[in-house]
Amino acid sequence: MKHDIVICMGSSCFARGNKRNLKIIEEYLKEHSIDCKLSGRACAGNCNSGPNIRIDGEKFERVDPETLIDLLDAKLKD
């Protein structure tokens, strides 16, 4: 199954950590050879709960680099 990750690129989410999260996700996908569509989108309208990421349609809020790897492990590894 090809996974789909959408990362909010709005200025608030980007400043709150999605700039860093994007690099972590890219490295993770490459390291684990995971088939995934990774894309950015404009502000998702949930600035107060950012940084926001969607994985296979499921929304995750306040995603920090410390919990991101655990989240990717749980959602992407078969």
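The values are calculated or read from the model by the stated rules, or taken from the named source; none is laboratory data. Note that the coordinates shown come from a computational prediction; the quantities given were computed from them, not determined experimentally. In this analysis, Cβ positions are derived from the backbone assuming ideal geometry, glycine residues included, and neighbour counts consider all displayed protein chains.
For the range 30-66, the set of residues classified as within 21 Å of S11 (Cα to Cα) and hydroxyl-bearing (S, T, Y) consists of S39, S49, listed by residue number. When you check G40 against the structure, is it small (G, A, S), surrounded by 11 or more Cβ atoms within 10 Å (Cβ to Cβ), out of contact with any helix residue (DSSP H, G or I) (no Cβ under 6 Å at 6 or more places or on another chain) and without any contact (Cβ under 8 Å) to a residue 60 or more places away in the chain, yes or no? Considered against the rule, which asks whether it is small (G, A, S), surrounded by 11 or more Cβ atoms within 10 Å (Cβ to Cβ), out of contact with any helix residue (DSSP H, G or I) (no Cβ under 6 Å at 6 or more places or on another chain) and without any contact (Cβ under 8 Å) to a residue 60 or more places away in the chain, G40 comes out as yes.
The set of residues in the range 37-50 that are at pLDDT below 95, of a type outside the set (S, T, N, Q) and either within 10 Å of V6 (Cβ to Cβ) or out of contact with any Ser or Thr (no Cβ under 8 Å at 6 or more places or on another chain) (or both) comprises G40, R41, A42, A44, G45.
Among residues of the range 1-28 that are in contact (Cβ under 8 Å) with a residue 60 or more places away in the chain and over 12 Å from R41 (Cβ atoms), those with a Cβ under 7 angstrom from a residue that is part of a helix (DSSP H, G or I) and of a type outside the set (S, T, N, Q), sequence gap 6+ or separate chain, pair up as H3/L76. Scanning the range 19-43 for residues that are of a type outside the set (S, T, Y) and over 13 Å from the mean Cα position of the chain (by Cα) yields K30, E31, H32, I34, D35, A42, C43. The residue that is surrounded by the fewest Cβ atoms within 10 Å (Cβ to Cβ), among those in the range 64-77 that are under 21 Å from K2 (Cβ atoms) and touching a residue at least 40 places away in the same chain (Cβ under 8 Å), is K77. Checked against (1) more than 10 Å from the chain's Cα centre (by Cα); (2) among the basic types (K, R); (3) at pLDDT 95 or above; (4) surrounded by 13 or more Cβ atoms within 10 Å (Cβ to Cβ), R16 passes all but condition (3).
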